[in-house]
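The values are calculated or read from the model by the stated rules, or taken from the named source; none is laboratory data. Because the structure is predicted, anything quoted here is derived from the model rather than measured. Cβ: placed from backbone, ideal geometry, glycine included. Neighbour counts: every protein chain shown.
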Amino acid sequence: MSKMIFAKNGRRAQKEKSWFREYGESILIAFIIAMVVRTFVIQAFKIPSGSMEPTLLVGDHLLVSKFTYGIRIPYRVFGLYLPGGGTTLIPISSPKRGDVVVFVFPEDHGKDFIKRVIGLPGETVEIVGKKIFINGKQIRDPWGVYRGQSGGLIGQIQSHFGPVKVPPDAYFMMGDNRNHSYDSRFWGFVDKRFIEGKALILYWSWDYLAPDLWHKVRWNRIGRVIH
């Protein structure tokens, strides 16, 4: 009798061990897949400021493609800086004028910024009033919005900036809300290795100032492609 009980208990323990092992393996595999997707494919970000209004609003949540410009070693993962971070392993394309991109802020590598690409490597950028000149020629700027007036140094920079030449493998960034954007006019260029990806689509939008729960969700923005 005792042998039978021992055998039954042994099989039960074996089944429980097998169940825990399968469950643990499933969690580990799911975690690895999630890490690979987040690191190399797509990542979620949220907008904390109004520097990209009206294209992006405070409370917008968006998905950013990490592979549009190539497969690269992430600059950092969960706050950890990786050796060779930002190195492109398999190039696919380069940022184009008008792309909305997320990048590591050059003045604080612990922060992510989102702006629009205006100046490309090797180009000369000059801003006079509300007009942008690239290599001496005015370009179309359908993205820029000017709200209110700014005085002091900010006002001077906004009225006349440059000309400045964009270094190789770097980009000149501006926010769409031109009078209220802390961008390349103030802190310089963004090295290509700092660019984390291209903004694709809004998957959620939340108005923190709305009076009630129902109105807080901006239903008309969900699913909107970012241009």
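So, restricting to helices (runs of 4 or more DSSP H) that lie completely within region 138-227, which ones have at least 1 residues that are at pLDDT 90 or above and in contact with a strand residue (DSSP E or B) (Cβ under 8 Å, 6 or more places away or on another chain)? Answer list for region 138-227: 184-187.
Residue count for region 106-129, restricted to those that are modelled with pLDDT under 95 and within 24 Å of Leu202 (Cβ to Cβ): 2. Taking region 50-84 as the range and being assigned to a loop (DSSP other than H, G, I, E, B) and under 14 Å from Gly197 (Cβ atoms) as the test, the residues that pass are Lys66, Phe67, Thr68, Tyr69, Ile73, Pro74, Tyr75. Sub-9 Å Cβ pairs linking a first residue in region 168-186 that is among the β-branched types (Val, Ile, Thr) to a second residue that is surrounded by fewer than 21 Cβ atoms within 10 Å (Cβ to Cβ), at least 6 apart or interchain, number zero.
Screening Gly84 on (1) surrounded by 13 or more Cβ atoms within 10 Å (Cβ to Cβ); (2) farther than 30 Å from Gly223 by Cα shows it passes everything except condition (1).
If I filter region 111-118 for residues that are within 25 Å of Lys46 (Cα to Cα), surrounded by fewer than 15 Cβ atoms within 10 Å (Cβ to Cβ) and within 15 Å of the chain's Cα centre (by Cα), do I get at least one hit? Scanning region 111-118, I find at least one residue that is within 25 Å of Lys46 (Cα to Cα), surrounded by fewer than 15 Cβ atoms within 10 Å (Cβ to Cβ) and within 15 Å of the chain's Cα centre (by Cα), so the answer is yes.
Residues that are within 20 Å of Gly148 (Cα to Cα) and modelled with pLDDT under 95 within region 55-71 comprise just one, Val58. Looking only at region 89-106, residues that are surrounded by fewer than 17 Cβ atoms within 10 Å (Cβ to Cβ), in contact (Cβ under 8 Å) with a residue 24 or more places away in the chain and assigned to a strand (DSSP E or B) come to 0 in all.
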